[in-house]
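For reference, the structure discussed in these notes is given below.
The values are calculated or read from the model by the stated rules, or taken from the named source; none is laboratory data. On a predicted model such as this, the values are computed, not experimentally measured, just so you know. Positions of Cβ are backbone-derived with ideal geometry, glycine not excepted, and every protein chain shown enters the neighbour counts. Only protein heavy atoms, including side chains, enter the accessible area calculation; ligands, DNA and RNA are left aside. Shrake-Rupley method; radii C 1.70, N 1.55, O 1.52, S 1.80 Å.
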Amino acid sequence: MLTKRLLAYRANSDSKKNKAPRSSVNYETVVHIGVLFTIENKDKHECIKTLIKRFEEDGKSVEVLAYLPKNSENHEFLFDFFTAKDISLWGKFTSDTISNFSKNSFDYLFYIDQQSNLILRSILAMSKAKCRIAKSDVLNAPYSEMMVQVSEGSSIKKLIDEMYRYTKMLS
């Protein structure tokens, strides 16, 4: 409970302190893309892999960071990942993987979760990405330059397809 409050405080504080330049970038000129998500199930994992393949076919460099919740299965070790063990009691990230990922000045950083996750919002707050893209959600709003709306109950595939479609429109 204390860690969650501290994480929320840190996210808010990090967001205010983070002076990274933000802007929407023309998709054709995008070079470096980050993908951030919570590992949930095999279907989501496959959808993420398909998205990454699309980006790579478009000539983009992609880095991925996944959060593995307690009692969840990592379907394959294709992506860098972290767990709650990488967060101190004081809500500070202790993993170099997280630190390095958040310091990248991605052209786009896609946050792909149906339900907003405080831990990943904290990483969004620290991120130096130019344009952070997430599902439309009140909790994600302070940490996103672009939000994608999908109807309630839509699949993760629908969310990913809409994120890809709208960013491709940025020309």
Next on the checklist: I want to confirm something. Restricting to the stretch 73-120 and keeping residues that are outside any loop (DSSP other than H, G, I, E, B) and among the charged types (D, E, K, R), which single residue is nearest to Lys158 (Cα to Cα)?
Outcome noted: Asp80
Checklist entry - If you scan the stretch 28-40, which residues turn out to be more than 14 Å from Leu109 (Cβ to Cβ) and open to solvent by 20 Å² or more (accessible area, probe 1.4 Å)? => result Glu28, Thr29, Glu40
Next on the checklist: Just to be sure I understand, how many residues within the stretch 41-53 are in contact (Cβ under 8 Å) with a residue 60 or more places away in the chain and open to solvent by 70 Å² or more (accessible area, probe 1.4 Å)?
Outcome noted: 2
Item to check | Number of the exception - Ser95 against (1) in contact (Cβ under 8 Å) with a residue 24 or more places away in the chain; (2) closer than 16 Å to Ala66 by Cα | outcome: (1)
Next on the checklist: Quick check on my filter: what residues within the stretch 133-171 are farther than 16 Å from Ser24 by Cα, open to solvent by less than 30 Å² (accessible area, probe 1.4 Å) and among the β-branched types (Val, Ile, Thr)?
Outcome noted: Val150, Ile156, Ile160
Checklist entry - Would you call Ser171 part of a loop (DSSP other than H, G, I, E, B), of a type outside the set (A, V, I, L, M, F, W, C), more than 16 Å from the chain's Cα centre (by Cα) and at pLDDT below 90? => result yes
Next on the checklist: Every residue in the stretch 70-96 that is of a type outside the set (D, E, K, R), at pLDDT 90 or above and surrounded by fewer than 14 Cβ atoms within 10 Å (Cβ to Cβ), please.
Outcome noted: Ala84, Thr94
Checklist entry - What are the pairs, 6+ residues apart or on separate chains, where a residue within the stretch 146-170 that is in contact (Cβ under 8 Å) with a residue 24 or more places away in the chain has its Cβ under 7 Å from a residue that is open to solvent by 50 Å² or more (accessible area, probe 1.4 Å) and not in a helix (DSSP H, G or I)? => result Met146/Ser24; Leu170/Ser24; Leu170/Asn26
Checklist outcome for this item: Filter the stretch 134-168 for residues that are outside any loop (DSSP other than H, G, I, E, B) and hydroxyl-bearing (Ser, Thr, Tyr); the one that is modelled with the highest pLDDT is Tyr164
